[in-house]
Amino acid sequence: KLKGTREKMRKIWILAAAVALANAAINEAGLNACINKGDAASCEKTLIELEKSCSGGDALACYFAAEFYAKGLTGYKDGAKAFAIYKDACAAGSAESCYEESVFYLKGDVAPQSFELSGERLKKACELGSKRACNILELAK
């Protein structure tokens with residue numbers, strides 16, 4: 001059952017990424033090869049494309065680039081780089097980046113642990129439209 005759930009989540013992630021990155025110069029076939037087949041060359045190329053779009057001010061591309069680093073899709077995880085990208089993307093208005101930044105503050109393994117900063121980023125994520133952030137804030141009441 002867990003394997004089936006993970007597979008569904010991977011497909012949802014691919015679909016979300018493909019839809020969200022439609023405006024960015026991302027090769028959808030390369031993204032699929034990266035996620036579905038674990039093709040390192042495709043992952044590297046997709047990450048380069050994401051970072052280029054991110055540098056051009058695309059906060060959503062920044063979020064996905066950070067996800068690549070956080071999840072190790074290029075073969076290695078780099079939490080510090082992921083955190084830095086999430087932080088900048090949050091400042092640029094990416095709700096999901098704010099959510100992920102709040103998680104880093106909560107865990108305290110890459111960023112300094114701060115419940116106050118975590119809460120502030122969670123609130124900002126909710127204000128920017130993150131349903132999962134709003135749900136957590138609602139539960140915390």
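Summed over segment 94-112, residues that are more than 17 Å from Cys134 (Cα to Cα) and not in a helix (DSSP H, G or I) total 5. What are the residue pairs meeting all of these: first residue in segment 122-138, first residue under 16 Å from Gly93 (Cα atoms), second residue open to solvent by less than 90 Å² (accessible area, probe 1.4 Å) and not in a helix (DSSP H, G or I), Cβ atoms under 8 Å, and 6 or more apart or on different chains? Listed pairs, sorted by first residue: Leu128/Gly93; Leu128/Ser94. Restricting segment 121-134 to residues that are in a helix (DSSP H, G or I) and touching a Ser or Thr at 6+ places or on another chain (Cβ under 8 Å) leaves a set whose member that is most open to solvent (accessible area, probe 1.4 Å) is Arg121.
Of all the residues in segment 52-67, those that are open to solvent by 50 Å² or more (accessible area, probe 1.4 Å) and assigned to a helix (DSSP H, G or I) number 3.
Checked against (1) more than 22 Å from Ala40 (Cα to Cα); (2) assigned to a helix (DSSP H, G or I), Lys81 passes all but condition (1). Within segment 39-51, being free of Cβ contacts under 8 Å to residues at least 12 places away in the same chain and touching a helix residue (DSSP H, G or I) at 6+ places or on another chain (Cβ under 7 Å) holds for one residue alone: Asp39. Of all residue pairs spaced 6 or more apart or on separate chains, those with beta-carbon atoms under 8 Å, a first member in segment 52-70 that is of a type in the set (A, V, I, L, M) and a second member that is modelled with pLDDT under 85 are Leu60/Ala20; Leu60/Leu21; Leu60/Ala24; Ala61/Leu21; Ala61/Ala24; Ala61/Ile26.
When Ser114 is tested against (1) surrounded by 15 or more Cβ atoms within 10 Å (Cβ to Cβ); (2) among the small types (Gly, Ala, Ser); (3) out of contact with any Ser or Thr (no Cβ under 8 Å at 6 or more places or on another chain); (4) touching a residue at least 24 places away in the same chain (Cβ under 8 Å), exactly one condition is not met: (4).
Here's the yes/no breakdown for (1) touching a strand residue (DSSP E or B) at 6+ places or on another chain (Cβ under 8 Å); (2) modelled with pLDDT of 80 or more; (3) outside any helix (DSSP H, G or I):
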| position | (1), (2), (3) |
| --- | --- |
| Met9 | no, no, no |
| Ala18 | no, no, no |
| Asn36 | no, no, no |
| Leu50 | no, yes, no |
| Leu73 | no, yes, yes |
| Tyr86 | no, yes, no |
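Filtered by the rule that a residue be open to solvent by 70 Å² or more (accessible area, probe 1.4 Å), more than 17 Å from Lys123 (Cβ to Cβ) and free of Cβ contacts under 8 Å to residues at least 12 places away in the same chain, segment 74-111 gives Tyr76, Lys77, Lys107.
The values are calculated or read from the model by the stated rules, or taken from the named source; none is laboratory data. Given the structure is predicted, the values throughout are model-derived calculations rather than measurements. Cβ: placed from backbone, ideal geometry, glycine included. Neighbour counts: every protein chain shown. The accessibility values were calculated without ligands, DNA or RNA, using every heavy atom of the protein model including side chains. Shrake-Rupley method; radii C 1.70, N 1.55, O 1.52, S 1.80 Å.
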